[in-house]
1. Please count how many residues of region 165-189 are touching a residue at least 60 places away in the same chain (Cβ under 8 Å) and within 23 Å of the chain's Cα centre (by Cα).
2. For Thr76, only one of the following conditions fails: (1) farther than 17 Å from Asn200 by Cβ; (2) in contact with a helix residue (DSSP H, G or I) (Cβ under 8 Å, 6 or more places away or on another chain). What is its number?
3. Considering only region 51-79, how many residues are among the basic types (Lys, Arg), out of contact with any Ser or Thr (no Cβ under 8 Å at 6 or more places or on another chain) and in a helix (DSSP H, G or I)?
4. Take Val193 and decide whether it is surrounded by 18 or more Cβ atoms within 10 Å (Cβ to Cβ), closer than 30 Å to Ile15 by Cβ and touching a Ser or Thr at 6+ places or on another chain (Cβ under 9 Å).
5. What helices (runs of 4 or more DSSP H), lying completely within region 80-177, carry at least 2 residues that are within 27 Å of Asn226 (Cβ to Cβ), open to solvent by 20 Å² or more (accessible area, probe 1.4 Å) and among the small types (Gly, Ala, Ser)?
6. Just to be sure I understand, how many residues within region 171-206 are over 23 Å from Tyr155 (Cα atoms) and among the hydrophobic types (A, V, I, L, M, F, W, C)?
7. So in region 17-35, with the set limited to residues that are at pLDDT 85 or above and open to solvent by 80 Å² or more (accessible area, probe 1.4 Å), which one is nearest to Leu62 (Cα to Cα)?
8. I want to confirm something. Restricting to region 197-215 and keeping residues that are farther than 16 Å from Arg101 by Cβ and of a type in the set (D, E, K, R), which single residue is surrounded by the fewest Cβ atoms within 10 Å (Cβ to Cβ)?
Amino acid sequence: MVADNKSEESLPPVILEAKRKLDLIASKPPKSVTKELLIDDNAVIIRVAVLRGVILTRTRELADVSIQSLENRHPTAAATLVRATVESIALLYDLKLSVGRVASEQSDETVSEMDRMVRTALWGRRYNVDIFKATNITTRLQRMAKEVPAIWSIYENLSEVAHPNADGLTGLYLTLNERSGDLEFRSDQQWRVLLTAAHNLSTTLDAVIIFDNELRSYVQAIDARNQN
């Protein structure tokens, strides 16, 4: 998602919009639970609540520092942090899907699939794997892109800046002076990247709010059914 407006006056409103959305995201940290309860086979919904709390806490932290990087005009840091925020949202989306399946059709199979998804997120690793191997973030993002098609191009564009590729190196820090033929350590692209990252963050926070509202409604439906 690339913004066309290069006016410097347009960035602060986008940042303010992102800040407003950040305030709408649940800010309470996960409640304390005992280790025994966290691993209890019958405490699936407790693990869901813990994972939701961890995701939202991580998302708020990343989004908050993303905004600081935007305000300080640090394009590489902003792109990298917004990209990490998108990755957090992909996990929230997977959690929402898993809990939604149980809310729609509660069975031993759907509950088991939800619990494995939650346990993998909480304890999975890519390396030094114990029991759970972490799900590749690309897999999560591709799944989310089926519902939010723009998210894949957003992630790819942010990655090109976050990685030390052409866009993140020469594109951001060098400009060819056409008169002298010299490469100068400045770039006219930094403002475009900052503005694009700001819009990407705002879009990402929209997704957080929508997914979390859906997730909470699914949990409430499961709770109501189990109390009857």
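1. Matching residues across region 165-189 total 1.
2. Unmet for Thr76, out of (1) farther than 17 Å from Asn200 by Cβ; (2) in contact with a helix residue (DSSP H, G or I) (Cβ under 8 Å, 6 or more places away or on another chain): (1).
3. Just the residues of region 51-79 that are among the basic types (Lys, Arg), to begin with: 52, 58, 60, 73.
Right, trim to out of contact with any Ser or Thr (no Cβ under 8 Å at 6 or more places or on another chain) and you get 52, 73.
Narrowing the set further to residues that are in a helix (DSSP H, G or I) leaves 52.
Total satisfying the criteria: 1.
4. In short, yes.
5. Ranges flagged: 108-123.
6. The number of residues fulfilling the criteria is 4.
7. That would be Asp23.
8. Top of the filtered list is Asp206.
The values are calculated or read from the model by the stated rules, or taken from the named source; none is laboratory data. If you're wondering where the values come from, they're calculated on a predicted model, not measured in any experiment. Every residue, glycine as well, gets a Cβ built from its backbone with ideal geometry; the counts of neighbours run over all protein chains shown. The accessibility values were calculated without ligands, DNA or RNA, using every heavy atom of the protein model including side chains. Shrake-Rupley method; radii C 1.70, N 1.55, O 1.52, S 1.80 Å.
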